[in-house]
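Read through the structure below, which is laid out as structure tokens, and then see the notes.
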Amino acid sequence: MESIISKGNTLDEAIRLGLEQLQATRDQVSIEIIQHEKKRLFGLSTKQAIVKITKISVDELNDPDAKVWMEDGRLFYQCSSSEGPSITIGEGVKLFRNGEEVDRVVSIKQGDVLEVHAEEEKVIEGTWDITVDSQKMQATLLIEPTLHKRYVLLDFPPAKHAQLNVQILTEVKPVVTYEEIKQRLEQLHTVHGILEENINEALQATEKIHVVIAQGTPSQEGRDGWVEVKAGSNQPKKPKMRQDGTVDYREIEGVPSVQAGDVIAVIHPAQPGIPGKRVTGEVIPVRDTFPVHVQLGKGVAMSEDGVKIMAVESGRPQVVQKGRTAIVSMIPKLVHQGDVDLSTGNVRFKGDIEIIGNVQDGMEVEAEGSVVIFQNANRAKIQAQQSIFIYQNLISGTVISGEQKMAVTELMESLNTIRQQLERMIVTVQQITVISNVEGKNMNWVIGKLIETKFQSLQAAVKKYREVCQTKREQLSEAWIQLGERLHTCILVQKAYESFAKLLRDLEEMISQNEQLSADSIELSYALNSVIHGSGDVVITGKGCYNCNIYAGGKLVIHGVLRGGEVYAQKGIYVREVGSSSEIKTVLSVPKGETIQMDHVWEGTVIRIGKKTYTFMEEKKAVCARWNEEAGEIQFEA
């Protein structure tokens with residue numbers, strides 16, 4: 001090959017001069033630029049352009065490029081004198097070179113014999129099935145259609161490197177017919193709620209699907225008759241709570257009341273349920289519904305049509321639900337103007353009490369209904385069977401709400417244990433009777449041994465029940481006392497198996513009549529050096545509590561500070577701030593399963609969940625504590 005170096009004032013001039021010197025045209029040479037021209041001001045050149053021009057030989061001009069291409073499913077290639085094309089083998093393609101199968105990337109040489117084939121047609125067999133769920137409420141069709149896959153080689157234009165690819169043509173063929181589906185449904189005894197549209201849609205599926213093709217009809221439970229209160233409320237109205245947890249005293253309302261002649265409640269008849277049907281045609285029964293039995297108490301009367309309950313005297317309407325019986329009565333209300341002090345004497349009333357002023361040192365207020373005090377209670381005792389509201393402060397006082405309900409709640413815990421254990425004992429005795437034919441005095445001996453060994457918790461529960469009855473006899477009705485004596489006599493003294501069945505039925509009736517006790521509450525703004533015991537929630541809406549003893553049968557909510565004293569809540573505690581920087585001892589307790597939430601906790605604060613105790617050794621914020629059963633310890637969450 002002939003090469004020269006050519007110079008010129010411009011790049012074009014250098015190339016032109018070089019071509020003239022070689023006596024060649026531009027397509028007969030290869031040009032390499034060594035230096036571009038450089039110019040200074042006014043367009044004058046300072047450095048010339050330099051190029052290297054090489055004349056290409058005739059053989060080199062006629063040498064074709066290396067390339068490979070696919071046309072009409074056939075593979076072609078062409079090599080140059082120095083190299084050949086290359087091919088990458090794609091999925092679904094088989095390439096043979098000189099009779100041997102190759103894979104991945106292949107470099108082709110002149111003279112290679114190439115054969116290319118697409119993969120053979122594949123048939124993926126489909127499947128189908130119909131299943132009915134365990135409740136027989138749904139029949140589900142699974143369809144996975146049969147697929148025929150055909151691979152077609154794709155053409156591509158000439159290129160030095162190319163990839164062999166195929167196009168997959170898929171043909172979907174049905175795997176089941178409508179008639180076969182209907183026949184299978186008959187075999188499964190599926191006759192109700194068949195969804196024809198879903199079956200037809202599933203038959204058109206091009207991929208695996210699950211389709212509900214029969215749907216049962218769920219039953220609709222009815223409702224027992226009930227009494228709807230139309231006027232007043234079972235609970236006193238609460239003061240309006242601001243978003244920050246404080247009380248808007250301008251919105252305070254006292255215990256609601258109605259006047260003689262007002263409609264206070266409406267009796268609704270029982271609403272029967274609607275039976276359902278399973279896909280197999282079986283009817284799903286619904287429980288029977290029963291009318292409510294209304295027992296009229298003091299101050300109310302029934303309308304002539306037997307639908308409405310009217311007030312015949314003023315007061316607050318109350319509905320107490322005991323099983324299927326609703327006791328409707330009017331609770332009278334006493335409004336005491338001014339303070340309760342030595343000049344007025346203690347205030348006791350068989351109804352609701354509203355104290356417009358203060359309750360002064362050493363005085364007592366006692367109500368069978370609710371108590372509302374609009375001012376302060378100072379060194380006083382406030383007691384009510386229902387809710388208590390003190391809109392200002394409680395100083396060195398005692399507040400007790402729902403004392404009877406607290407006793408009943410304690411008895412109910414024992415009754416539930418006794419019921420469960422008695423049911424298990426009856427089953428155990430029946431099994432022993434079948435195996436050994438034990439009877440008479442021998443049976444009493446067997447029951448005694450069972451109580452001493454396998455059913456010790458039954459014995460403990462009966463004893464605890466009697467202890468509560470003895471210590472809180474004044475707060476309980478005679479029915480609770482009599483039941484305790486029966487439990488003691490039948491189970492622990494006589495061990496009379498023949499009376500267990502009736503005893504169990506009486507237990508269940510007592511539990512059903514008392515398991516829906518209305519929740520009373522205690523609410524006040526601020527408490528200092530006081531005792532607060534309530535059967536329901538206890539809510540402190542203002543600054544908080546200092547050196548108080550609190551028991552809540554429900555939740556304890558303190559929107560302010562809890563500093564000093566001990567508190568317990570059956571259904572969890574929330575406090576904004578607990579303890580103090582001077583490490584005044586403050587103890588918070590809940591049973592297992594409940595939480596203690598505190599926005600700000602000072603060092604020295606003690607929390608107790610179940611029997612496990614934890615003392616904070618440093619100040620903390622945003623604390624939520626609960627019992628972790630697996631770890632057997634108190635767990636803290638953010």
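Taking all C-alpha pairs of the chain, those more than 47 Å from each other amount to 55 percent.
Using the charge dipole of the chain (Lys, Arg: +1 at Cβ; Asp, Glu: -1 at Cβ; taken about the Cα centre), state which of PHE96, ASN529, VAL590 has its Cα farthest towards the positive end. So the residue we want is ASN529. 3J(HN,Hα) couplings calculated from phi for region 354-366 with the Karplus curve 6.51 cos²θ - 1.76 cosθ + 1.60 (θ = phi - 60°) are, in sequence order, 10, 9, 6, x, 9, 10, 8, 3, x, 8, 10, 10, 9 Hz; Gly and Pro show x.
Would you please name the GluC sites (Glu not before Pro) within region 509-598 that are DSSP coil residues with at most 14 other C-beta atoms within 10 Å of their C-beta? When the GluC sites (Glu not before Pro) of region 509-598 are filtered for loop state and at most 14 Cβ neighbours within 10 Å, GLU515, GLU583 remain. Sorting the segments 284-295, 266-277 by their residues' average number of neighbouring beta-carbon atoms within 10 angstrom, most packed first, yields 266-277, 284-295. Amide H contacts for VAL294 (H built 1.01 Å from N in the peptide plane; partners 5 or more residues away or on another chain; cut-off under 5 Å): ALA326.
Working from Cα pairs under 8 Å separated by at least six residues, relative contact order for region 432-508 is 31 percent.
Each Lys and Arg Cβ is given +1 and each Asp and Glu Cβ -1; about its Cα centre, region 293-437 then shows a dipole of about 440 debye. Modelled this way, with points 7 Å down the Cα-to-C-beta line, the labels at ALA260 and GLU619 are 6.4 nm from one another. Per-residue packing, averaged as other Cβ atoms within 10 Å, sorts the ranges 176-188, 605-617 into the order 605-617, 176-188, beginning with the highest.
Across region 566-618, C-alpha contacts under 8 Å between residues 6 or more apart give a mean separation that, scaled by the residue count, equals a relative contact order of 35 percent. The magnitude of the dipole of the chain, with charges of +1 and -1 set on the Cβ of Lys/Arg and Asp/Glu and taken from the Cα centre, is near 2360 debye.
Counting each DSSP H run of 4 or more residues in the chain as -39500 (n - 2.57), what helix-only mean residue ellipticity at 222 nm follows after dividing by all residues, to the nearest 500 deg cm²/dmol? So the calculated ellipticity at 222 nm is -6000 deg cm²/dmol. If you plug the beta carbon distance of GLN78 and ARG150 into 1/(1 + (r/R0)^6) with R0 = 25 Å, you get a FRET efficiency near 0.25.
For VAL335, the residues 5 or more places off, or on other chains, whose built amide H falls under 5 Å of its own are GLU354. If the Kirkwood radius is taken over C-alpha pairs of region 539-638, then at 20 °C and 1.002 mPa s the Stokes-Einstein diffusion coefficient equals 164 µm²/s. For the chain, the longest principal axis of the alpha carbon atoms and the long axis of helix 441-453 meet at an angle near 60°.
What number, in percent, do you get for the relative contact order of region 331-393 if the mean sequence gap of Cα pairs under 8 Å and at least 6 apart is divided by its residue count? Across region 331-393, relative contact order equals 28 percent.
Between VAL335 and GLU179, the simple label model (points 7 Å from Cα in the Cβ direction) yields a spacing of 8.6 nm. FRET efficiency for the LYS7 to LYS160 pair, using the beta carbon distance and R₀ = 35 Å, is estimated at 0.45. The phi-based Karplus calculation (6.51 cos²θ - 1.76 cosθ + 1.60; θ = phi - 60°) puts the 3J(HN,Hα) values of region 334-351 at 10, 9, 9, 7, x, 8, 9, 8, 4, 6, 9, x, 5, 10, 10, 8, 8, x Hz, whole numbers, x for Gly and Pro.
In this structure, THR280 and ILE124 have a Cβ-Cβ separation that, at R0 = 51 Å, corresponds to a calculated FRET efficiency of about 0.90. Apolar share of the accessible surface for region 430-537: 49 percent from carbon plus sulfur atoms, 1.4 Å probe. Ellipsoid semi-axes for region 591-638, based on the Cα gyration tensor and the rule √(5λ), read 18, 11, 9 Å when sorted largest first. Restricting attention to the chain, close to 55% of DSSP beta bridges with both partner residues there are antiparallel.
Each label point was placed 7 Å from the Cα along the Cα-to-Cβ direction; for HIS210 and THR453 their separation is 4.9 nm.
The values are calculated or read from the model by the stated rules, or taken from the named source; none is laboratory data. Only a predicted model underlies this, so the values are computations on that prediction, with no experimental measurement involved. Don't worry about glycine lacking a Cβ; one is built from the backbone with ideal geometry, like all the others, and counts go over all protein chains shown. Heads up: the accessible areas ignore ligands, DNA and RNA and are worked out on the full protein's heavy atoms, side chains in. Shrake-Rupley method; radii C 1.70, N 1.55, O 1.52, S 1.80 Å.
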